[in-house]
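**Q** For reference, the structure I am asking about is given below.
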Amino acid sequence: MQTATRPNDEAFRSSVHSATAADAAFMAGLRRMVEPGKGRLQGVAARAPFDAIMGRVAAAQGITHRADTVGGIPGWWCLPADAEPAAAILHLHGGWFNWGTAVAYRNLVGHIAARAQTAAFVPDYRLAPEDPFPAGVQDVEACYRGLFARGFRAIALCGDSAGGNLVLALLSLLASRSSSSNMLSAAAVALSPVTDLTFSGSSIETRAAADPYFTRLQVEGLAQAYLGGADPNDPMASPLFGNLRGLPPVRVHVGDEEILLEDSRRYVARAVEAGVDAELDVWLGMPHGFAGFVGSLSAADRALNAVGAFLREQLERAARTPRPRLLHGRPRTGCFARFVVLDCGRAIRAGRWKKPVSGRRAAVNAGVPATRNERRCPLPKACPAPAGTR
């Protein structure tokens, strides 16, 4: 079994937020209400109660919803009136891989979309136990690629709990594929993510009494249903153990009173060690999923405000940055040619080649013209493409 040790506070960037007196009083009342049912949500029978809980999240103002299918995956859009047309958020819902629907999550995701001033799509990825790992990962990747194919210049990932797991797994998956270097997410946010399905983090024990919702036996059963016999050390199942180099900026928010606390702490520590712009926000006195109490907990409001501001900043920056796309083609000569497709739609050759090769086939595949043996960018010197690709 792989393990990741708990980091020292100075090993990574983190912020700790104290609970207000009003939040502490609210949580005391909530704890008295929910603790009798601690650990009882299990199996597919918990889907309806879980959706009912998420459906009670207060709706965000100025958000409209629309059903759609993106990349072959059905789901719902959360659409602010002032949304940036070139950007999108892909939000992956929680539910321990076994529960949750896009329609139930519309209200929560609407708050993120409103604060980020960006349209957010929530896909209904396949759930366990009917469709175990890696079905969920495959679905969210297909959905992400579907957004990219629709022409969005900047896409950010966001997810909570199991959805946070899928966000972080997808980040590593995209970064690991050289052909996807042009498709990296602008940024990512994970709310109380499940990063380690071996449950080797110390908080599974040290926060066992503090967590008002979950028990170790309960979550291990849900994880086993998701894995379906797969190795929990697989980085696509436990992103804590993946290669984190080359990831975009990542922000993680977690409550101090949840058994998944160390999943967040260890992931951010590893990301920072890998050179990622990653930061952790720990909210004292808060349980798993506290953001769902937006409008009732100031901690939820402040956390969502931070999430929205971060996503908006990163998406605006990505939308302004030219992102030439690499396209590979194999002409009839058998030589392997690489082309750059600029944002303006022009296809040009990149690099020097020993043999003259035609760019026709690769350019036709891109739907744009190219001239034979084109070696210099035909655009003016003001072309935004990076030096070396002209």
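No value in this document is a laboratory result; all are computed from the given coordinates. Values in this document were obtained by computation on a predicted structure and should not be read as measured data. Cβ placement follows ideal geometry from the backbone for every residue including glycine, while neighbour counts extend to all protein chains displayed.
**Q** Sort 285-297, 162-174 by packing, meaning the average of other beta carbons within 10 Å per residue, with the highest value first.
**A** Ranked from most to least packed, the peptides come out as 162-174, 285-297.
**Q** Rounded to two decimals, what is Rg over Rh for the range 26-102 when you use alpha-carbon atoms and the Kirkwood radius?
**A** A ratio of 1.05.
**Q** Could you rank the peptides 57-67, 248-258 by their average count of other C-beta atoms within 10 Å per residue, with the highest value first? Write out the running numbers ahead of the final one.
**A** Numbers: 57-67: 15.3, 248-258: 23.9.
Sorting 57-67, 248-258 by mean packing, highest first, produces 248-258, 57-67.
**Q** Now a separate question. Can you run phi through the Karplus equation (6.51, -1.76, 1.60; θ = phi - 60°) for the range 225-237 and list ³J(HN,Hα) in whole Hz, with x for Gly and Pro?
**A** Once rounded to whole Hz, the list reads 5, 5, 5, x, x, 6, 6, x, 7, 4, x, 6, 9.
**Q** Would the range 45-153 count as rounded, prolate or oblate if I go by the C-alpha gyration tensor, calling it rounded below 1.5 in a/c and otherwise prolate when a/b exceeds b/c, oblate otherwise?
**A** It is oblate, given that a/c is not under 1.5 and a/b is not larger than b/c.
**Q** Kindly identify the range 9-320 as rounded, prolate or oblate by the Cα gyration tensor criterion: order the square roots of the eigenvalues as a ≥ b ≥ c, call it rounded if a/c is under 1.5, otherwise compare a/b with b/c, prolate if a/b is larger, else oblate.
**A** Rounded.
**Q** Also, I was wondering about something else. So what are the ³J(HN,Hα) numbers for the range 260-272, from phi and the Karplus equation (6.51, -1.76, 1.60; θ = phi - 60°), rounded to whole Hz, Gly and Pro as x?
**A** 8, 3, 5, 4, 6, 4, 5, 5, 5, 4, 5, 5, 4
**Q** Let me ask something additional. Per-residue counts of other Cβ atoms within 10 Å, averaged by peptide: what ranking do you get for 213-222, 34-43, 263-272, highest first?
**A** 263-272, 213-222, 34-43
**Q** Using θ = phi - 60° and the Karplus curve 6.51 cos²θ - 1.76 cosθ + 1.60, what whole-Hz ³J(HN,Hα) does each residue of the range 124-129 get, with Gly and Pro shown as x?
**A** Rounded to whole hertz, the list is 8, 5, 5, 10, 7, x.
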